[in-house]
Structure formats: C-alpha cells, structure tokens
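Data block below; observations after.
The values are calculated or read from the model by the stated rules, or taken from the named source; none is laboratory data. Computed from a predicted model, the values in this text were never measured in an experiment. No Cβ is skipped: glycine too gets one built from the backbone with ideal geometry, and neighbour counts run over all protein chains shown.
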C-alpha cells in the first residue's frame, strides 16, 4: 500500500465494503482478508460504507436490487 497509514486503512475499508467475496473450493463464501486487518472501528466504518453503497446500487437498479441481493438470488437460483 502507501507510505501513509491512513491511506492503507482507507484502502482496507474500501476493499471490505465492496460486494465481492472470494469462494473456497467447496463454494463457500470466504471472509475478506481486510476484515482481519482492520480493528473494530474500521470494520464498523466499512459496514456503514457498504450499507450506503448498497442503497445507492438498489436505487440505480431497475429491479431495486443491490449487487449483494443479485449475488444471493443467483446462488439461490443455482447460478
């Protein structure tokens, strides 16, 4: 990351707030590595950022769904 610890923290928060989660060999959703690199306050900040992002995503989606909702529905439907 960068030489400024605040930039590193911001990058971790952005990464954790994103909808992408890697999957394990059996298809299970893995914890994002940034989760373990942030303290409780950083994880709470990432949660709030993610919550706001999902609201914006849903507002822009024709069906009113966030990327997380779309991913969950795809898994339920076998996709």
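Tell me which of these residue 64 doesn't satisfy, since it passes every other one: (1) on the phi > 0 side of the Ramachandran plot; (2) touching a strand residue (DSSP E or B) at 6+ places or on another chain (Cβ under 7 Å).
Unmet condition: (2).
In region 4-19, how many are modelled with pLDDT of 85 or more and part of a loop (DSSP other than H, G, I, E, B)?
Here the count works out to 1.
How many of the residues in region 39-79 are part of a loop (DSSP other than H, G, I, E, B), surrounded by 13 or more Cβ atoms within 10 Å (Cβ to Cβ) and without any contact (Cβ under 8 Å) to a residue 40 or more places away in the chain? I'd like the intermediate steps shown before the answer.
Here is the first cut: in region 39-79, the ones part of a loop (DSSP other than H, G, I, E, B) are 39, 61-66, 77-79.
Cutting the leftovers down to surrounded by 13 or more Cβ atoms within 10 Å (Cβ to Cβ) gives us 61, 65-66.
Restricting the remaining residues to those that are without any contact (Cβ under 8 Å) to a residue 40 or more places away in the chain gives 61, 65.
Summing the residues that are part of a loop (DSSP other than H, G, I, E, B), surrounded by 13 or more Cβ atoms within 10 Å (Cβ to Cβ) and without any contact (Cβ under 8 Å) to a residue 40 or more places away in the chain in region 39-79 gives 2.
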